[in-house]
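Read through the structure below, which is laid out as structure tokens, and then see the notes.
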Amino acid sequence: MKIYEYKNCSTCKRALKFLDGKKIKYDCRSIVDSPPTLSELKRMLNYLKKEGLEFKALFNTSGQLYREMKIAEKLKNGMGEVEALKLLSQNGKLIKRPFLLTEKFGTVGFKEDFWKKIFN
């Protein structure tokens, strides 16, 4: 299991504390220094689509870079999935975090109730 996180992100810290509390082993990666690959983003997207979500759910919509790059406007004006995934693979700060990927599932963000369900 890989978890991509940002060291200054309080949500990431809560997620890691949750995993540590459950004694779940994980491979922790810096989402900024080593963002998920295009292949990993595609796998994650497949998991999210099973939950009824689309590629826009991969974006960190509250991030400064998201606002600076006017991603919301680009998405509204037709940025497609291929272009979005390529952009995300090149800039981890645009990705919603934490980004948790296993062989069987993937999820972005940390909602403790949901994580309790998937890890019990």
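Bear in mind that the values in this text are calculations on the coordinates, not laboratory data. The shown structure was predicted, so the numbers you read here are calculated from the model rather than taken from an experiment. We place every Cβ from the backbone using ideal geometry, glycine too, and count neighbours over all the protein chains shown.
Here are a few things to note about the model shown:
- Complete set of residues in the stretch 83-100 that are of a type outside the set (Lys, Arg) and either part of a helix (DSSP H, G or I) or under 15 Å from Leu16 (Cβ atoms) (or both): Glu83, Ala84, Leu85, Leu87, Leu88, Ser89, Gln90, Gly92, Leu94, Pro98, Phe99, Leu100
- Test: Met44 is out of contact with any Lys or Arg (no Cβ under 8 Å at 6 or more places or on another chain) and crowded, with 20+ Cβ neighbours inside 10 Å: yes
- Verdict on Asn91 being surrounded by 19 or more Cβ atoms within 10 Å (Cβ to Cβ), polar (S, T, N, Q) and within 20 Å of Thr11 (Cα to Cα): no
- The set of residues in the stretch 101-120 that are on the phi < 0 side of the Ramachandran plot and not in a helix (DSSP H, G or I) comprises Leu101, Thr102, Glu103, Lys104, Phe105, Gly106, Thr107, Val108, Phe110, Lys111, Phe119, Asn120.
- Top-ranked residue of the stretch 55-65 - restricted to ones that are touching a residue at least 12 places away in the same chain (Cβ under 8 Å) and under 14 Å from the mean Cα position of the chain (by Cα), ranked as surrounded by the fewest Cβ atoms within 10 Å (Cβ to Cβ): Thr61
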